[in-house]
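Contents: one structure, followed by commentary.
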Amino acid sequence: MMFDFRLSPRSYGSDGARHPTFAFGIVHAFRLLGRLSPSLFQAAEGVCRDWAARKDRGRPSRLGRPAAGETAPQPHLLHDEQHVCVLAKPAGWTVSVSHSSGSEPVVLRQAQKGPQLQNWIMEKMENPIAMDVSAAHGLLHRLDRGTSGLILCAKTYLGFYLSQLEFEARRLRKTYLCICEGHAPTPPFLLEAPLATRGGRAFVSTRGKHAQTEVVEVSHLLDEVGQPCSLLEVRLHTGRLHQIRAHLSSIGHAIRGDASYGGTKGPRVLLHASRLQIDLRGLGSSIDVTAALPEDFSAALEAMVPCSQKCASIVKQQSRADSRAMQSGVKDGSFTCVTSVTRCFTFKLSGCGLCRALALTAFCS
């Protein structure tokens, strides 16, 4: 079956190209109906390509070198391709542009604290989309200010529109790590309470939107004063505001440092976007990137003791994964990413320090 997207005249550019917003809506609707076919998705890709070709004119995109003397935690490049890249955002950096399904990006109205990621992008990235607020400066999704981890960013309009199509088809896979209060239930389990928002916060409501959070791994721990807590590996199946924070709070396991949702006060919310996976079929690319734990998160984890050998094994596996993530730098024409990453994301694995902190010398190598 062939598809042809016909729009009103003002949905077309002067050269007849059709705006991708309509294609996003079609893909979103057909996915909800369970009828998103390869031919329909291919037609939507064609709309995106035609529109992007009008805007991606000019010099090739690339990332500039870090400024000399930068010492504070800075965003860093973890994965680089022609049309998209993956950035590591430190906690404390704000993403104050956002866009919902089928709408133009907007500047968020709430007061923002700390440096803004879009300003860093405008300074470092030498491409037209980086300066375009209507395209969210290439940013394809958000992370809360207190959350660290991975963000997908487009370097061209083609990468921007084709990535959004994959988002509408729910083909982005995001994994988070967090430390929450108390001992969470045995995994795996799903949190599916609908979420509504008011005043910049999310809460469970029967009138809210569908939200699905999957907890795939739980390690029970005791903190330095003997209070129970848990290290969780979480996967998002929807992308609601503060979804993980609100869902975990609703079952009595608020994230540590998240006082807004009932957690103990701390320097930051102990939530980290650790892995990002997406197949960009239209670009012939498959992305799977892991970000090592930031220093404050790993320090909090090192101060805790697992409640069982199984939990200790899970924590040990996570530490090894973080070590591998730190060693897998990407080189591009600008700089060696692993050098930049280690300045911002570190995980202390010297000697048997982690094992001593966990009081589990049996796991020493």
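Residues in segment 206-241 that are touching a residue at least 40 places away in the same chain (Cβ under 8 Å), under 21 Å from the mean Cα position of the chain (by Cα) and open to solvent by 40 Å² or more (accessible area, probe 1.4 Å): 217, 233, 235, 237, 239, 240, 241. If the condition is being in contact with a helix residue (DSSP H, G or I) (Cβ under 9 Å, 6 or more places away or on another chain) and modelled with pLDDT of 80 or more, then segment 106-118 contributes 117, 118. Exactly one residue among 137, 141 is in contact with a helix residue (DSSP H, G or I) (Cβ under 6 Å, 6 or more places away or on another chain), farther than 14 Å from residue 77 by Cβ and of a type outside the set (A, V, I, L, M), and that residue is 137.
Just wondering, is there one or more residues in segment 191-202 that are in contact with an Asp or Glu (Cβ under 9 Å, 6 or more places away or on another chain), open to solvent by 40 Å² or more (accessible area, probe 1.4 Å) and touching a residue at least 24 places away in the same chain (Cβ under 8 Å)? No, segment 191-202 contains no residue that is in contact with an Asp or Glu (Cβ under 9 Å, 6 or more places away or on another chain), open to solvent by 40 Å² or more (accessible area, probe 1.4 Å) and touching a residue at least 24 places away in the same chain (Cβ under 8 Å).
Taken across segment 169-177, residues that are outside any helix (DSSP H, G or I), free of Cβ contacts under 8 Å to residues at least 60 places away in the same chain and open to solvent by less than 20 Å² (accessible area, probe 1.4 Å) do not occur at all. Residue 301 fulfils the conditions (1) open to solvent by less than 20 Å² (accessible area, probe 1.4 Å); (2) farther than 17 Å from residue 188 by Cα; (3) in contact with a Pro (Cβ under 8 Å, 6 or more places away or on another chain) except for a single criterion, (3).
Scanning segment 240-255 for residues that are touching a Lys or Arg at 6+ places or on another chain (Cβ under 7 Å), closer than 21 Å to residue 267 by Cβ and assigned to a loop (DSSP other than H, G, I, E, B) yields a total of 1. Is it true that some residue in segment 132-144 is in a helix (DSSP H, G or I), surrounded by 20 or more Cβ atoms within 10 Å (Cβ to Cβ), on the phi < 0 side of the Ramachandran plot and at pLDDT 90 or above? Taking every residue of segment 132-144 in turn, at least one turns out to be in a helix (DSSP H, G or I), surrounded by 20 or more Cβ atoms within 10 Å (Cβ to Cβ), on the phi < 0 side of the Ramachandran plot and at pLDDT 90 or above.
The values are calculated or read from the model by the stated rules, or taken from the named source; none is laboratory data. Quick caveat, the model's predicted, so the values are computed rather than measured. Heads up, the Cβs are rebuilt from the backbone with ideal geometry, glycines too, and the neighbour counts pull from every protein chain shown. Heads up: the accessible areas ignore ligands, DNA and RNA and are worked out on the full protein's heavy atoms, side chains in. Shrake-Rupley method; radii C 1.70, N 1.55, O 1.52, S 1.80 Å.
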